[in-house]
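Chemist: Got a structure here, written out as C-alpha cells. Questions coming.
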Amino acid sequence: MPSRPGVTDVLGAAVAAVGGAERPGQVAMAEAVAQALADERHLLVQAGTGTGKSLGYLVPALLHDKRVVVATATLNLQHQLVERDIPALKEAARDTMSTVPHHAVLKGRANYACLHRVRQGAPDDQGVLVEVPEGSLGAEVVQLREWAEEQAEGGHTGDRDGAPSHGDRAWRQVSVSSRECLGASRCEYAAECFAERAKEDAANAHVVVTNHAMLAIDAIEGVPMLPEFDAVVVDEAHELAARVTQASTDELDPGLVERAARRARPYLDDGGAADDLGDAADALADALTHVQPGRIDAIDPALAGALALVRDSARACFSNFTKEKGEEADPGRQQARSTIDDVRQVAERMAAGRETEVLWLGEGRSGLHLRIAPIDVSGALREKLFGEKTVVLTSATLTLGGSFAPVAASLGLDLKGSDWTGLDVGSPFDYQRQGILYVAKHLPAPGRDGLEAEQLGEITALIKAAGGRTLGLFSSRRAAERAAQYVRESLPELEILCQGDAQLPELARRFADEPSACLFGTLSLWQGVDLPGDTCTLVLIDRIPFPRPDDPLSSARQRLVERRGGNGFMQVAAQHAALLLAQGVGRLIRRSTDRGVVAILDPRIATARYGGFLASSLPPLWRTTDRQVVTAALRRLDESAKAGDPAAV
C-alpha cells in the first residue's frame, strides 16, 4: 500500500465510498488545489452547485505536507464538513494511505460551555435561577448546566451546536468570551475546559476547520486564535470580505457604558471613577439625541467631547481596579475589567475619526447606538493574510460580470493576476435544459413604495401556474409580508409561509413537506437554503438587490472608490447586487433532476446599461421575457409533479 498516494487516487476512493461518480470538475479542482499548495500560489476556484467542491479541496488538504486551515462562513457548511465529508474522506483514505491525518474543529471560546461559570455561576445571573418554571430563562440555564456536566463527564466537546434548545441570554449564563476567561493558569477547571481541549486538539491536527471570523481575528488582528498553519482554504469565499468587516465592527451605546460602570463599581478603589463613567454615559446619550441617524461624515464637537469623556473615564476606571486578594481568581472582577477595557477601546476608535473607517448612528430596540467599521478590508487581507499564507478561495459564485477580477480586487489581490490563478470548473448541471430565467420586461421599474399592483398580479399568475412550489426572495421584510398577504387572499387553496411566521428551519421543513406550499422571505433565504426537487420549481425575485442608498457602509465604500477615480456604483452597488442575484438564482437547480423557472420581476436586468453585467454573473439558464412561455412551462412542471413523473421545462 503506497504511503504517498496521488490526489486522484484518494479522491476516487472517497467518491466511491459515498456512492458518487467521477465528476471532471471535481477532479480538475482537486488537482489545481494540490498544485497551488505545492507552488505556494493563491488560487480562486469557482465550482458550481453539484461539483462536490468540499472533497475537491479536502483531499489535497489532507495530502499536503503541512497544516491546512479550512474556513467556512456558515455553521451549516462547517457541520457538513465535520459530520459527513471529512469522516467519509478519512474512511476512504485508509485504503490508500498508510497514515490518515487527524482533523479538528476550532471555534471562538464563547461557542463552548465554561465549566467555571457552570459550576460557580455567572457574575450577572441577576436572579434568573430563583424561579425555574418550564420554558423560562432559568429552566434553560438549568438544562444547559446539566448538559455541560454530562459533556464533561463523557469527555465530549461542550460545543453549543450540540446543546439543548436555548436562547442567547441563557447561553451567556454558561459561557464566557476570550476576554472574560480567567486563563488556564488561574482557573481550577482548566484541565477539563472544553475550549482549551479544542485548542489542544487543533494543535495536534493536520486539518483544522474553523470560520471566517476566527481566521480574520487570527490573521488580520494578530490575536492568536489558531495553531500555526501553512495554508488556508476559504470556502464560501464570496462572503469573506463581509465577514472580515463584520468581525472588525464595534458598537457603543449609553446603556452599554452605564452597565460597564455598574459592573466595575464593586471592584474599584475609588467609586468616584464609576460615577464619572456613568456621567459619561449620560453625556453620550445627550449628544446622540442631536445626531441624525445614518452615516456620520464629521463628528460634531458635542459628540466628540462625549466620546472622549467615555474613553478617558473608562481608562480611569481600568486603572482604578483593586488588586486581587489571594491566589483565587475572581470571575466577576475579570468580566468587569474586560467590559471596561472594551468600552475604552471602542470609544477611542470612534473618537479617532479615521478616514479609513465609517461611523454611523443606528436605532434599535435598546435605543440609539453608534457603530464603526473599516470601509475597505482589502489592504488588511493583502498584507496580513495573502502576504503571509497560501490561500485557496472557492465558491459557486466567484466571477462577477464573467470575471474573477471584481472579487479578487475586493480581497486585495493584484488585478493583473501576478500572485493568483483563477479557475472555473463549471457545473455538472445542464442549466439550459433544466431551467428558465424569465425577466418580466413589461413591468414598470420598482419604485420606493415597494410592490405595486402590477408586480403583485405577476407574482400571483406565476404561482398559480406553478401550483405553488415557489420560493419568493424579496428585498425587504415589508415586501415579503405584503406579497404573502396578497397571494393568500388571491389563492386561498395554497399554503403561503412567510419569514417571521416561525423559525426558519421550521418554515423550510414545512415548505419541503407540503408540495404546493410557497415560502417568502428576505436575505437569509437568498443564500445557503438547499431545497431540491419538486418543492421548489419557481424562484421569484422581486427586484435587483442593490444595497440601500442610505446604507452607511455601502455608501462610504462607493465614495471611497470615486475618490480613487473609480465607478462607485459599478464597483460596490452593482457587484453587491450581482453576487446576491447569483446566490438567489442558484436556489433553483440543486441536483441534476431539478427543473424550474427563476422569475425576476425587475425589468432593469434587460433594459439598464448595467443589466448585462448582472446577467453575465448568473448561471446560464435559458432566457426569455415571454410570460406565456413561462406560465406554460410552469403548468407542465406542476402536472408532471402531481403525476410523479420527471419532466423537461
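The values are calculated or read from the model by the stated rules, or taken from the named source; none is laboratory data. Quantities reported herein were computed from a predicted structural model and do not represent experimental measurements. With ideal geometry, Cβ positions are generated from the backbone for all residues, glycine too; neighbour counts draw on all protein chains shown. Heads up: the accessible areas ignore ligands, DNA and RNA and are worked out on the full protein's heavy atoms, side chains in. Shrake-Rupley method; radii C 1.70, N 1.55, O 1.52, S 1.80 Å.
Chemist: Determine which lysines satisfy two conditions relative to Lys464: a Cα distance under 21 Å, and not lying fewer than 8 residues away in the same chain.
Modeler: Hits, sequence-local ones excluded: Lys441, Lys642.
Chemist: Something else about it: Got the relative contact order for the range 1-93 handy, in percent, Cα pairs under 8 Å and 6 or more residues apart?
Modeler: 38
Chemist: If I stretch the segment between His102 and His156 completely, what's the gain in nm (0.36 nm per residue apart, minus their alpha carbon distance), one decimal?
Modeler: Once the chain is fully extended between His102 and His156, it gains 17.7 nm.
Chemist: How many angstrom separate the Cα center of the range 31-101 from the Cα center of the range 474-523?
Modeler: 36
Chemist: Could you sort Asp449, Asp230 by accessible area so the largest value comes first, with the probe set to 1.4 Å?
Modeler: Asp449, Asp230
Chemist: Could you point to the label whose value was computed as Rg and Dmax of the Cα atoms in Å for the structure here, given (i) 33.6, 124; (ii) 26.6, 81; (iii) 35.3, 113?
Modeler: Computed from these coordinates, Rg and Dmax of the Cα atoms in Å corresponds to label (ii).
Chemist: Taking Rh as the Kirkwood radius computed over C-alpha pairs, what is the Stokes-Einstein D of the range 93-246 at 10 °C in a medium of viscosity 1.306 mPa s, expressed in µm² per second?
Modeler: Estimated via Stokes-Einstein, D reaches 92 µm²/s.
Chemist: Using every alpha carbon pair in the range 206-312, what percent of pairs falls into each 5 Å bin from 0 up to the bin containing the largest distance?
Modeler: Result returned by the calculation: 2, 10, 15, 13, 10, 12, 13, 11, 8, 4, 1.
Chemist: Of all the accessible heavy-atom surface of the range 386-456, with the other protein chains kept in place and a 1.4 Å probe, what percent is carbon and sulfur?
Modeler: With neighbouring chains kept in place, the figure for the range 386-456 is 48 percent.
Chemist: Taking the Cα centre as origin and putting +1 on Lys and Arg beta-carbons and -1 on Asp and Glu beta-carbons, what dipole magnitude results for the range 1-109, to the nearest 20 debye?
Modeler: Roughly 380 debye for the range 1-109.
Chemist: Provide, as a two-decimal number, the C-alpha radius of gyration of the range 593-649 over 2.2 N^0.38 Å, N being how many residues it has.
Modeler: That works out to 1.34 for the range 593-649.
Chemist: Ser185 to Lys323: FRET efficiency via 1/(1 + (r/R0)^6), r the Cβ-Cβ distance, R0 25 Å, to the nearest 0.05?
Modeler: 0.90
Chemist: Note down the accessible area of Ser475, probe 1.4 Å, to the nearest 10 Å².
Modeler: Surface open to solvent at Ser475 totals about 60 Å².
Chemist: Taking the Cα centre of the range 484-586 as the origin and placing charges on Cβ (Lys, Arg +1; Asp, Glu -1), which of Leu525, Gln503, Pro552 is farthest toward the positive end of the dipole?
Modeler: Pro552
Chemist: OK, next. Quick one: pull the percent of accessible area on the range 179-292 belonging to carbon and sulfur, 1.4 Å probe, ligands and nucleic acids left out.
Modeler: 46
Chemist: Report for the chain the percent antiparallel among DSSP-assigned beta bridges with both residues inside it, nearest 5.
Modeler: Close to 25 percent.
Chemist: How much accessible surface does Tyr610 have with a 1.4 Å probe, in Å² rounded to 10?
Modeler: The accessible area comes out at roughly 40 Å².
Chemist: Using 1/(1 + (r/R0)^6) with R0 = 60 angstrom and r between the beta carbons of Lys642 and Arg265, what's the FRET efficiency to the nearest 0.05?
Modeler: The calculated FRET efficiency here is 0.30.
Chemist: So, for the chain, what is the accessible surface per residue at a probe of 1.4 Å, expressed in square angstrom?
Modeler: For the chain, the per-residue accessible area is 45 Å².
Chemist: Of Ala205, Leu268, Ile296, which is farthest on the positive side of the dipole of the range 199-351, counting Cα position, with +1 on Lys and Arg Cβ, -1 on Asp and Glu Cβ, and the Cα centre as origin?
Modeler: The residue sitting most towards the positive pole is Leu268.
Chemist: Restricting to DSSP H runs of at least four residues, report the calculated mean residue ellipticity at 222 nm for the chain, -39500 (n - 2.57) per run over all residues, nearest 500 deg cm²/dmol.
Modeler: -13000 deg cm²/dmol
Chemist: Here's another thing I want to ask about it. What ranking of Asp276, Asp376, Asp542 comes out by heavy-atom accessible area, probe 1.4 Å, highest first?
Modeler: In descending accessible area the options line up as Asp276, Asp376, Asp542.
Chemist: To continue, here is another question. Pull up the cross-link candidates among the lysines for Lys384, meaning alpha carbon to alpha carbon under 23 Å and not fewer than 8 places away within one chain.
Modeler: Hits, sequence-local ones excluded: Lys66, Lys107, Lys199, Lys416.
Chemist: Give me the distance in nm between label points sitting 7 Å out from Cα along the Cα-to-Cβ direction at Glu454 and Thr624, one decimal.
Modeler: For the pair Glu454/Thr624, the computed spacing is 2.1 nm.
Chemist: Name the residue from Ala287, Cys114, Gly12 whose Cα lies farthest towards the positive end of the charge dipole of the chain, charges +1 on Cβ of Lys and Arg and -1 on Cβ of Asp and Glu.
Modeler: Gly12
Chemist: Could you tell me the relative contact order of the chain? Use alpha-carbon pairs under 8 Å, at least six residues apart, and round to a whole percent.
Modeler: Relative contact order of the chain: 16 percent.
Chemist: Take Thr74, project a point 7 Å from its Cα along the Cβ direction, then tell me which residues of the range 384-416 have their backbone nitrogen under 17 Å from it.
Modeler: Label zone hits: 394-398.
Chemist: Quote the charge dipole size of the range 185-270 about the Cα centre in Debye, to the nearest 20; the model charges only the Cβ of Lys and Arg (+1) and of Asp and Glu (-1).
Modeler: Using only the charged Cβ atoms, the result is roughly 300 debye.
Chemist: Using a 1.4 Å probe, how large is the accessible area of Glu221, given in Å² and rounded to the nearest 10?
Modeler: Its heavy atoms expose roughly 90 Å² to the probe.
Chemist: Same structure again: With charges set only on the Cβ (+1 for Lys and Arg, -1 for Asp and Glu), what does the dipole of the chain come to about its Cα centre, in debye to the nearest 20?
Modeler: 1740
Chemist: Moving to a separate point now. How many angstrom lie between the C-alpha centres of the range 337-397 and the range 586-634?
Modeler: Centre-to-centre (Cα) distance: 36 Å.
Chemist: Still on this model: When we measure straight from the Cα of Lys53, which lysines land under 20 angstrom away, once same-chain ones fewer than 8 places off are left out?
Modeler: Result set, ordered by chain and number: Lys90.
Chemist: I would also like to ask the following. Rounded to the nearest 0.05, what FRET efficiency is calculated for Gln432 and Arg382 with R0 set to 35 Å and r the Cβ-Cβ distance?
Modeler: 0.35
Chemist: Packing-wise, with mean Cβ within 10 Å as the measure, how do 290-300, 25-35 rank, highest first?
Modeler: Listed from highest to lowest mean packing, they are 25-35, 290-300.
Chemist: Report Rg (one decimal) and Dmax (nearest whole number) for the range 453-554, counting Cα atoms only, units Å.
Modeler: Cα only, the range 453-554: 13.4, 43 Å (Rg, Dmax).
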